[in-house]
Every structure is written in C-alpha cells, then in structure tokens.
Amino acid sequence: MTAEFTGWHVLAEFGGVDAALCDDLERLEAALRKSLVAAGVTICEVVHKKFDPQGVTVLALLSESHASIHTYPESGDIFVDVFTCGSIGAGATKAVELLQQELSPGSVHMEVVQRGHTARRIHEPVGAGLTRVWELSDVIVDTNTPYQHMVIATTEQGVSLFSDDDRQSTELSQLTYHEAMLVPAYALAAKLDNVLIIGSGEGVASQMSMAAGASRVDHVDIDQLEVELCAKHLPYGYTEADLAAAVAGDGAIRMHYADGWDFLAQAESEGVRYDVVVIDLPDERVEDAQHNRLYEDEFLTRCRALLSEGGVLAAQAGCQTMWRNETLKRSWHRFATLFDTVVPYASDEHEWTFLFGVAGNPVADPVAVMTAKLSQLPYRAETIDERALIRGAIEPHALRAAVSV
C-alpha cells in the first residue's frame, strides 16, 4: 500500500541549557536516541560532529524522515528539528517533548508545521509584520498565468480564489464583497444602462450589474487564463457557458480580454459613456507594483471622462483598519480631488472600503439618495439594507481627520 504523502515538522529552540551539556556529544546523542525511541520512531543511523572550539551537531536518519540538534554552548541554546511522515506524524512532537525533559532547557519555543498534500497553506500579507494563514484542504488550480500566480482551493470559507497570495474572493464572502462594491453605485447613479467592469475576473460583478438592469456590461480583464479558470472551477460568477456567451457578445455582457488602460483609450475615442465604471483589481500595494498605475490619478481621470452625467466611478479602495489603511488614504485623496461628491462604503461584515465618485453637479445628500433608491432597484441586495448604507457611508476617522497622505 502506498503511504500517504503527509508529515509533521517540528522546529524548536531550547534556551537556557547548561553550557557543559551543550558541548557534551555523548550525552546529547544519548538523549536524542532515547527521545526518538520512546516516541515510537525508527532510527536507521546517527552521525555527529564535535566542533572546535565548541558546539555539537547530531543528526539521526529515521525510517520516518530525520531528526537533528545543533548546539551553541556560548549562549546555552539548541536548535531542534524533527520531521516524521506518514501515520507516525505525531511522533515528531512527542520526540521534542521528551528531548525537552532530557535536556531541561530554561525556555522552549516550538512550532509545528503540517506538510504534504493535505497541508497546503497560503500566507496572505495583511500589514507590516502581519499575515493571515489560509489552510487549503483541496488545491484545485495552482498555476502561473502570464500576469500572476493563481490558486483556487477549498478553504474553511469554501472554494476560494487567491492571486499572488492575496485572497480575491471566497465562496462564503463573495456576495458580501461584491454587493458592497456594486449596490451603493447602483443606488447612487442617475441611471443604469451602460456599465464598465475593469477586473473582477470571477464574473460576479458583470452578472450582478445585468441583474440590476444594465442593458450593456463591458467586462475588461487582461488575464484570459484566470477568467477561464474561474469560470471552470468557481461555484460563483460565470459558468463556462456564460463566459463563452460573453466572449461572443451574445447578450448584455461583453467580455474583452484587454489591458484596462488600452480599453479606456479606445472607448474614449469611440465616444462611449458609462453610467457606472467599476475598478475591481488586486489590492493596491503600499510599495511600488505594476498594477498600482490602475489606481492612480491618471487612470482615475480617464475613467471619470467616460462617465455620463450623474455616473458613478466605484473602486475597491483598501482596508479601513489602522494597520492597513495607507492605500485607503491615498484613494480618498485622489477621489476627493477628482469628484465633488465622494461617498465611502465599508461593509459591516467585510474588511474592505469602497469609494464612489459622482460625475457632474454635487449631490447634496448622497446617502439619502442611496437609501431612497435601494428598494427600487431591480437587484435585491441580500447583505445591504438602508441602515447598512447609512452606517457604512461614515468614512473612517483617519479620513475625516484629514490625515496627510
């Protein structure tokens, strides 16, 4: 029978170990052997090295993988590394715990990493020095498109999409996200005939706009492979048949595989005007990144030029939490410069803030306009009501306090 490709890797640091013990090869090797045998793993061979002037390395080759210790007598520290695979996986943790009893360190720091086919993780950056770890139970797609590293996998939030380690959408939260990005725009726009979606490769934004009454939805995405894989594997957004119809222009949605910058230039030359333009791209980076140009002043100005009177530009603008709000402050400054009326919306069940700029004359009370129109929309929101609009349209304090950007 073929063994399951899985295992447990334990990395530990023992501090405050007696300096003499750290330099005692025989005692260290005996302690490692005793701990491994008691943990139930099988030792095949042990090699060791005594360093000059001090320090010891002991390495055990196991049937289940390997174990090692490396000592620093001058500071009383020991690195411990035990990896066991297959059904004996828990033996790695037990071996380290038993070794701790043998060596009596003053302090222990231990990290356990599950490895193998069922132990994939994505470490999503959420701020300086912070990451969110996603446990992947089933990897469906893991590929490099011409533009990004793309992963579709099953998580605790259902089938989920990741781009360059950033979560883009999940089965659990995608409706909350997309409604927060789109419904305020629908309620704020003077009319809703023509809609332009830039990005949003899953297709949800296009389908939602059609359900809201748009007669024409131009969907622009540069990454054809990503869009096709989303349609094939995600349980939300386009199906493969939906996408084929959109590519053929058979219906209200028209799929364009193009750079958003180039598409704007073409639309402007043709005199096309949109009632809503939506920018839904991977997050703007605090550091320099190629796609940041699609969040900056020139791109936003070109989007505004395509809006009809009373049209709305909607954009995912960043996160409102104080440890990740730098790009939100940038976006707020840009929108406030370009539009007389700017409305934020932060979903009460999601972490992102969206900004909505209205072309043309200032709107005296945009929130009142949105709440009055919400119930009249052909699209019935499931995650937004009037109270949510009122609460969500209060900009974060960092924006109200006019923090410099």
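Just to be sure, is Ala128 of a type outside the set (S, T, N, Q), open to solvent by 50 Å² or more (accessible area, probe 1.4 Å) and either without any contact (Cβ under 8 Å) to a residue 12 or more places away in the chain or in contact with a Lys or Arg (Cβ under 9 Å, 6 or more places away or on another chain) (or both)? Yes.
Scanning region 55-80 for residues that are farther than 28 Å from Phe5 by Cβ and either open to solvent by 80 Å² or more (accessible area, probe 1.4 Å) or in contact with a helix residue (DSSP H, G or I) (Cβ under 8 Å, 6 or more places away or on another chain) (or both) yields Gly55, Val56, Thr71, Tyr72, Pro73, Glu74, Gly76, Asp77, Ile78. Might you let me know whether region 189-201 holds any residue that is within 19 Å of the chain's Cα centre (by Cα) and farther than 22 Å from Phe354 by Cα? Checking region 189-201: not a single residue is within 19 Å of the chain's Cα centre (by Cα) and farther than 22 Å from Phe354 by Cα. Quick one: in region 364-383, of everything that is in a helix (DSSP H, G or I) and free of Cβ contacts under 8 Å to residues at least 24 places away in the same chain, which residue is farthest from Glu395 (Cα to Cα)? Only one residue fits best here, namely Ala372.
Scanning region 234-252 for residues that are open to solvent by less than 30 Å² (accessible area, probe 1.4 Å) and farther than 27 Å from Ile140 by Cα returns a single hit, Ala252. Scanning region 143-157 for residues that are within 17 Å of the chain's Cα centre (by Cα) and open to solvent by 20 Å² or more (accessible area, probe 1.4 Å) gives Thr143, Asn144, Tyr147, Gln148, His149, Thr154, Glu156, Gln157. Every condition in (1) at positive phi; (2) open to solvent by less than 10 Å² (accessible area, probe 1.4 Å) holds for Asp164 except the one numbered (2).
Within region 257-274, the set of residues being under 15 Å from Arg304 (Cβ atoms) and open to solvent by 90 Å² or more (accessible area, probe 1.4 Å) comprises just one member, Arg273.
Scan region 315-353 for residues that are in a helix (DSSP H, G or I), touching a Ser or Thr at 6+ places or on another chain (Cβ under 7 Å) and crowded, with 18+ Cβ neighbours inside 10 Å and jot them down. Selection gives Leu328 alone. When residues in region 37-54 are screened for being over 21 Å from Val17 (Cβ atoms) and surrounded by fewer than 19 Cβ atoms within 10 Å (Cβ to Cβ), 7 of them pass. Only a single criterion out of (1) in a strand (DSSP E or B); (2) at pLDDT below 95; (3) out of contact with any Cys (no Cβ under 8 Å at 6 or more places or on another chain) is not satisfied by Gly40, namely (1).
The values are calculated or read from the model by the stated rules, or taken from the named source; none is laboratory data. Predicted model only: the values in this text are computed from it and were never measured. All Cβ positions, even for glycine, are placed from backbone atoms using ideal geometry, and neighbour counts span all protein chains on display. SASA here: full protein model, heavy atoms, side chains in, ligands and nucleic acids out. Shrake-Rupley method; radii C 1.70, N 1.55, O 1.52, S 1.80 Å.
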